[in-house]
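Take a look at the structure set out below.
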Amino acid sequence: MEKFTIYTGKTVPLMNDNIDTDQIIPKGFLKQVDKAGFGKHLFDEWRFLEDGSPNPEFILSAPERKNASILISGENFGSGSSREHAAWAIQDYGFKAVIAGSYSDIFYMNALKNGLLPIRVDQDVRDRLSQLPADEEITIDLPKQEIQTAEANYAFPIDPTWKDKLVKGLDDISITLQYEEAITAYEEAMPDYK
């Protein structure tokens, strides 16, 4: 997993509440098992018209929002099914963090386990962030637990264990591999029952 320490990027507001995993990545696109390639279908039913052309009314279709990498949203983001593909699609599209009021528990854990930073902040902070110009960058400083803008800084909470894993770039596999010598020694000490 890639380390997440300090990240600077542009934002895009999608301030709907209750955005569920079916809206994030429709079930028709879940046929592959590789994490890559889901971003092209992110918010598919909103981003594209019936003929497959981009929906000019959807914010991600706006040319000035094409390079946004921080998504700002409403309450209960990622509700619905437990599909990990939702976090994969958001990351594959290019987002590094999602700033919302709350998350479904399963989406929140899926995001963290894949290195996508889910930040919880109050409505007034999200309202301010959603009003930023498309070309204005903000900085997320995970060690300080702070969203930094030109006008103000906003603190956000995160579990210290997950913060440590993200800052060090440790997923479950890399944590297990830290004990490789002990695991090997244990396996070598096991009797052979053949």
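As a test of the formula, what do you get for the chain when each DSSP H run with n ≥ 4 contributes -39,500 (n - 2.57) and the sum is divided by the residue count, at 222 nm and rounded to the nearest 500 deg cm²/dmol?
Helices in the chain give a 222 nm mean residue ellipticity of -8000 deg cm²/dmol.
Give the accessible surface of the chain per residue, rounded to a whole number of Å², with probe radius 1.4 Å and ligands, DNA and RNA excluded.
Accessible surface, normalised per residue, equals 55 Å².
Which of the three applies to the range 1-45, rounded, prolate or oblate, going by the alpha-carbon gyration tensor with a ≥ b ≥ c and a/c under 1.5 meaning rounded?
oblate
Using a cut-off of 18 Å between alpha-carbon atoms, which aspartates and glutamates can reach Lys3, once sequence neighbours fewer than 8 places away in the same chain are excluded?
Of all the aspartates and glutamates, those that pass the test against Lys3 - Cα under 18 Å, at least 8 places apart if same chain - are Asp92, Asp141, Glu146, Asp159, Asp164, Asp171, Asp172.
Solvent-accessible area of Thr5, probe 1.4 Å, all protein chains present, reported in Å² to the nearest ten, please.
For Thr5, solvent-accessible area is about 60 Å².
Provide the percentage of antiparallel DSSP beta bridges, counting only those with both residues in the range 6-189; round to the nearest 5.
Taking every DSSP beta bridge within the range 6-189, about 50 percent pair in antiparallel fashion.
Name the lysines eligible as straight-distance cross-link partners of Lys27: C-alpha to C-alpha under 22 Å, and not fewer than 8 places from it in the same chain.
Lys35, Lys40, Lys113
Between [x] 53, 35, 30; [y] 66, 42, 24; [z] 51, 44, 29, which entry matches Cα extents along the principal axes in Å as derived from the coordinates of this structure?
[y]
Under a cut-off of 12 Å between alpha-carbon atoms, report the aspartates and glutamates in cross-link reach of Lys10, not counting same-chain residues fewer than 8 places apart.
Answer for Lys10, where 12 Å is the Cα cut-off: Glu64, Asp135, Glu136, Glu137, listed by chain and number.
Tell me the net charge near Lys165. Cut-off is 14 Å between Cβ atoms, Lys165 excluded, with +1 for each Lys or Arg and -1 for each Asp or Glu. Write down the numbers at each step before the final one.
Details: positive: Lys3, Lys113, Lys163, Lys168; negative: Glu2, Asp159, Asp164, Asp171, Asp172.
Net local charge, Lys165 excluded: -1.
Averaging sequence separations of C-alpha pairs under 8 Å and six or more residues apart, then dividing by the length of the chain, give the relative contact order as a whole percent.
It rounds to 27 percent for the chain.
Of the heavy-atom accessible surface of the range 42-148 (probe 1.4 angstrom), what whole percent is carbon and sulfur?
Working: 2030 of 4620 Å².
Accessible surface attributable to carbon and sulfur in the range 42-148 totals 44 percent.
The values are calculated or read from the model by the stated rules, or taken from the named source; none is laboratory data. These figures come from a predicted structure and were not determined experimentally. Positions of Cβ are backbone-derived with ideal geometry, glycine not excepted, and every protein chain shown enters the neighbour counts. Keep in mind that these areas ignore ligands, DNA and RNA; they rest on the heavy atoms of the full protein, side chains included. Shrake-Rupley method; radii C 1.70, N 1.55, O 1.52, S 1.80 Å.
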